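Notes to accompany the following structure.
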Amino acid sequence: MTLNGLAFILMTIPVFSYGQLKCPPIDQSGQGLQKFDVTAGVGPTLLYGDINHRSNIGYGAFLKADYKLYKGIYVGLEGQVGKLKAKGNQSIDARDWDPRYVDNSYYAGLVNATVYPYRFFINERELLRKGFFERNILYGFHVGIGAGLIFNTYKDVNRQFEGYEDADGNIINIHEGLIYGSHDLVYPVDAAGNPIADASPSPRWHKNVRNTLLPSVFAGLSIPLNKYTTHTGRYFSAVVTTQFNFSNADDLDGYDPVIINDANPQGRRATGAKNDMYNFTAVGLRYTF
């Protein structure tokens, strides 16, 4: 070996050593050693229920912790808190006039599973040689499904015992006792004037309501901010996610439409009625370690 060759080797050893320090830690199979993600974010909520809403925008915040089971499969716990709102068209001359509105404070807890499809087909060694799109978009795209509970407190519900004309020209009657909220707690009553009870037995409609969310489906994107410039293996990512939560009941908006007639004095659910749901879209920050 010549003197020049030896000098070249001695000069390049520190460079390669420094480069190795900057590489994210990986195991023998080329997978990242990080097991945990903690994510927090905020964003708007959109409530879809019985109100012919002119506006339905609320807001929410979430905190989520995930654990990696295998490659792109994670399981996690999520907590949410925020507002679900809806307000009908207040113009009495409008064909879709609806005097109802709701302001619903809620908090929810969910268990979910998240899948990152691209991570099944690539490891960290290969990822370092990929371009921006693969390293930052494909690698961070994820979908998931979950289930949980939501707890509602109706802060403000307007129920006017009137009728309104829907978009098809049909007259929709809102009967007294069929729409409920938090302030005067109007319950449906029987012929003797006693509140109709549920199986508890408690009055059927309450200020505070608990419902199941099933399913909760979501999709999102996490873009690493400093993954390729840190040698600790811990890094931050920017996150955007959208989630659709389907309730097993029809009272997220404070209203549970039923039909009362001679054949159904205690009321029955209207034919074709659908349960309520809400969307939660958020931006946030994730810490991976």
Take the conditions more than 31 Å from the chain's Cα centre (by Cα), modelled with pLDDT of 65 or more, surrounded by 13 or more Cβ atoms within 10 Å (Cβ to Cβ) and not aromatic (Phe, Trp, Tyr) and apply them to Lys130. Does it pass?
yes
For region 11-56, enumerate the residues that are buried (at least 16 other Cβ atoms within 10 Å of the Cβ) and either more than 33 Å from the chain's Cα centre (by Cα) or at pLDDT below 60 (or both).
Pro24
Restricting to region 97-151, name every residue that is within 28 Å of Val81 (Cα to Cα) and not in a strand (DSSP E or B).
Asp98, Pro99, Arg100, Tyr116, Gly140
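The values are calculated or read from the model by the stated rules, or taken from the named source; none is laboratory data. Bear in mind that the values here come from a model prediction, so they are computed numbers and not experimental data. A quick note on method: Cβ atoms are made from the backbone with ideal geometry, for glycine too, and the neighbour counts reach across all protein chains shown.
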